[in-house]
Amino acid sequence: MSRIRPHEIEPDLHQSTAGDPRTIGVAVIGLGRIASGYDEQTPAPDVPRSHIGAIRQTDSVRLLAAVEPDAARRESARAHWQDDDAQFVDTIDKVSDASVDAVVICTPSDEREPVFEAALELRPHVVVVEKPLAATLDEAHRMAAAAEQADAALYVNFHRRFDPRHRTLRQRATAQPLARIVATYNNGLHNYASHAVDLLLDWFGPIERVTAIGAVPEGDDPNLSFACRLSNGPPAVVLGVDGLDYDLFDIQFYGADTRLDLLAGGARLEQREAISDRYYAGYRHLSDGAAIMPDGPVGGLDALYQSLRDHLTFGAPFGACSAAQAIDGLAVLEAAELSAATNGCPIDPRALTGAPQP
């Protein structure tokens, strides 16, 4: 298979790969839930929820190798996918195919850097890692520098950027003046809250001030609460909630006479409108929520691989979160932690990345 870099692509080609014989080869490292397990447990043919599921549903994209040191996990994935053409191996150095166009890293972020360095030995054009990019900003900067040195483009998979519901909500939320954004979450600052931060950065641009709210919660990845001042958007508050026996990731976008709600992590979108005299004469309250789109699982992985294919084949823009954008997001998380450690002192996350200040 020929190796094609974006700068070698003819400029007059279109994004469609219909009828094109070239195939993008992908190696997936780590076979946990997002890599394979979600589709092994509850397969949804129309909405792949794992990387391998999305790869197998994308034309002109092929799974070359899957790397997983745990033998039971590796064999479970092999048995489920029944892909005789793909290598299922325990270490990266055993990937024998020299035509790896893209590597997808799904290992935990606290062990990311050595895995990333080994993955670069496969000489991929693109590396996509699961969020967050790294455990610390220093590690993220080293990884970005190593990728540049290896001539590999580095991205982070915040697949909500590709999900149809989130894209629809983005169009509505950014088309009107908003008074405030409130996100509520559990399951960790670097886990669930990182999604909210990425959406704020992607939809509204830079975050110029982060202020922690309340005491520092306990735990390795606490549910920290903090307020954000956006350069190009309304004030935003991210509230971490402890002690819940359910998953929480909701965002409310408050407009002058409407509210847009992202519920259950994006499985449901609702819109509410202000109604006069609904409960009391002379007062205005919101209507019941009306679904904007049918409920369903959050997708986006299939669109991610379609975009990756078109980027590598035709030089089309790749809509994933870039390394620079991911570093900006990590800086916001670290600013929240630093602010909490200094009794709520406001922190400019851009100062943590070395970005120029206005």
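The values are calculated or read from the model by the stated rules, or taken from the named source; none is laboratory data. Note that the structure is a prediction, hence the values are computed from the model and not measured. Glycine also receives a Cβ, built like all others from the backbone with ideal geometry; neighbour counts cover every protein chain displayed. The area values use the complete protein model at the heavy-atom level, side chains included, leaving out ligands, DNA and RNA. Shrake-Rupley method; radii C 1.70, N 1.55, O 1.52, S 1.80 Å.
Tell me, yes or no, whether the stretch 178-185 has at least one residue that is under 23 Å from GLN271 (Cβ atoms), touching a Phe, Trp or Tyr at 6+ places or on another chain (Cβ under 7 Å), of a type in the set (Val, Ile, Thr) and in contact (Cβ under 8 Å) with a residue 60 or more places away in the chain.
For the stretch 178-185, residues under 23 Å from GLN271 (Cβ atoms), touching a Phe, Trp or Tyr at 6+ places or on another chain (Cβ under 7 Å), of a type in the set (Val, Ile, Thr) and in contact (Cβ under 8 Å) with a residue 60 or more places away in the chain: present.
Mind telling me which of the residues ALA140, ALA134 ends up being open to solvent by less than 30 Å² (accessible area, probe 1.4 Å), in a helix (DSSP H, G or I) and under 20 Å from ARG350 (Cβ atoms)?
Sole residue among the options that is open to solvent by less than 30 Å² (accessible area, probe 1.4 Å), in a helix (DSSP H, G or I) and under 20 Å from ARG350 (Cβ atoms): ALA140.
Which of the residues belonging to the stretch 260-269 are assigned to a strand (DSSP E or B) and open to solvent by less than 20 Å² (accessible area, probe 1.4 Å)?
Passing the criteria: LEU260, ASP261, LEU262, LEU269.
Which pairs have Cβ atoms under 8 Å, sit 6 or more apart or on different chains, and link a residue in the stretch 271-291 that is more than 18 Å from GLN176 (Cβ to Cβ) and among the basic types (Lys, Arg) to one that is open to solvent by 70 Å² or more (accessible area, probe 1.4 Å) and in a strand (DSSP E or B)?
Cβ pairs passing all conditions: ARG278/ARG284.
When the stretch 182-216 is examined, which residues are found to be within 27 Å of ASP245 (Cα to Cα), among the polar types (S, T, N, Q) and surrounded by fewer than 21 Cβ atoms within 10 Å (Cβ to Cβ)?
Answer for the stretch 182-216, where residues must be within 27 Å of ASP245 (Cα to Cα), among the polar types (S, T, N, Q) and surrounded by fewer than 21 Cβ atoms within 10 Å (Cβ to Cβ): THR184, ASN186, ASN187, ASN191.
In the stretch 223-245, is there at least one residue being assigned to a strand (DSSP E or B), closer than 27 Å to SER322 by Cα and open to solvent by 70 Å² or more (accessible area, probe 1.4 Å)?
Checking the stretch 223-245: at least one residue is assigned to a strand (DSSP E or B), closer than 27 Å to SER322 by Cα and open to solvent by 70 Å² or more (accessible area, probe 1.4 Å).
May I ask you to verify whether ALA179 is open to solvent by 30 Å² or more (accessible area, probe 1.4 Å) and not in a helix (DSSP H, G or I)?
The answer is yes for ALA179.
Filter the stretch 279-337 for residues that are closer than 19 Å to GLU130 by Cβ, open to solvent by less than 50 Å² (accessible area, probe 1.4 Å) and assigned to a loop (DSSP other than H, G, I, E, B) and give the result.
Matches in the stretch 279-337: VAL298, GLY299, GLY300, PHE318, GLY319, ALA320.
Restricting the first residue to the stretch 39-54 and requiring it to be within 23 Å of VAL128 (Cα to Cα) and among the polar types (S, T, N, Q), which pairs with a second residue that is modelled with pLDDT under 90 and open to solvent by 80 Å² or more (accessible area, probe 1.4 Å) meet a Cβ separation below 8 Å and a spacing of at least six or different chains?
Qualifying pairs under 8 Å: none.
Name, by its number, the condition in (1) over 15 Å from GLN176 (Cβ atoms); (2) over 30 Å from the mean Cα position of the chain (by Cα); (3) open to solvent by 40 Å² or more (accessible area, probe 1.4 Å) that does not hold for ASP257.
(1)
Regarding GLU148, is this residue part of a helix (DSSP H, G or I) and either touching a residue at least 24 places away in the same chain (Cβ under 8 Å) or hydrophobic (A, V, I, L, M, F, W, C) (or both)? Quick ask: steps written out before the conclusion?
Numbers: part of a helix (DSSP H, G or I): yes; either touching a residue at least 24 places away in the same chain (Cβ under 8 Å) or hydrophobic (A, V, I, L, M, F, W, C) (or both): no.
Taking the combined requirement at face value, the residue does not satisfy it.
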